[in-house]
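S.K.: What follows is a structure written as structure tokens; I'll ask about it next.
Here, each number is a calculation from the coordinates, and none is a lab measurement. None of these values were measured; they are calculated from a predicted model. Here the Cβ is made from the backbone with ideal geometry for all residues, glycine too, and neighbour counts use every protein chain on show.
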Amino acid sequence: MKEFEPNWTEEELKVYILIFCANADFSESKAETAFIRSKTTGDCFERIHDEFDRDNDYQSIEKIRLTLGKYGYVKEDTDRIFKEVKELFLSDGQYDLLEQNLFRGLNHVFGSPVAVK
């Protein structure tokens, strides 16, 4: 499992999660990209996006799961991330079925149930 354990900062983890979610429908819109860029500084977006582009879904999920554990995220922390994910999904004016399904699936990755509204 060590092969999937990145040495990310919490900002990089958040950016990776947002990029992962933006690609739920296999299309990252300009609005979604702008939203993610607004949540980070410097070259973080480009570096993390390059890493995301090299990863498959399994690697992405494992990296997220392991890094959440590394930082000891609790429900309040994951709730904050879920709020930003929801904002991201709504940023392009669409909240399609693939995005809804990924939102539900993240509950399992994050290890705590979060209501989908």
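S.K.: What ratio of Cα Rg to 2.2 N^0.38 Å holds for segment 2-110?
M.R.: Working: Rg = 12.8 Å, N = 109, 2.2 N^0.38 = 13.1 Å.
So segment 2-110 has a normalised radius of gyration of 0.98.
S.K.: Counting pairs of alpha carbon atoms under 8 Å apart in space and at least six apart in sequence, what relative contact order in percent does the chain give? Don't jump to the answer; show the numbers that get you there.
M.R.: On the way: 84 pairs, mean separation 43.9, N = 117.
The value is 38 percent.
S.K.: Let me have the 222 nm mean residue ellipticity of the chain computed from DSSP H runs of 4+ only, each contributing -39500 (n - 2.57), with the sum over all residues rounded to the nearest 500. Present the calculation step by step, with values, prior to reporting the outcome.
M.R.: Values: 6 runs with 77 residues, N = 117.
Taken over the chain, the calculation gives -21000 deg cm²/dmol.
S.K.: Using the Karplus curve 6.51 cos²θ - 1.76 cosθ + 1.60 with θ = phi - 60°, work out ³J(HN,Hα) for each residue of segment 90-105 in order, rounded to whole Hz, and write x for Gly and Pro.
M.R.: Each residue's phi maps through the Karplus curve to give 8, 5, 9, x, 10, 9, 7, 4, 5, 5, 4, 5, 5, 4, 5, x Hz.
S.K.: Do any chymotrypsin sites (Phe, Trp or Tyr not before Pro) in segment 57-117 lie in a DSSP loop with no more than 16 other beta carbon atoms within 10 Å, and if so, which?
M.R.: Tyr71, Tyr95
S.K.: Note the count of lysine pairs whose C-alpha atoms are less than 22 angstrom apart in the chain, limited to pairs 8 or more residues apart or on different chains.
M.R.: Lysine pairs meeting both conditions in the chain amount to 28.
S.K.: What list of ³J(HN,Hα) couplings, whole Hz, do you get for segment 46-56 from phi and the Karplus terms 6.51, -1.76, 1.60, once you set θ to phi - 60° and write x for glycine and proline?
M.R.: Values per residue, Gly and Pro as x: 5, 4, 6, 5, 4, 5, 4, 4, 7, 8, 8 Hz.
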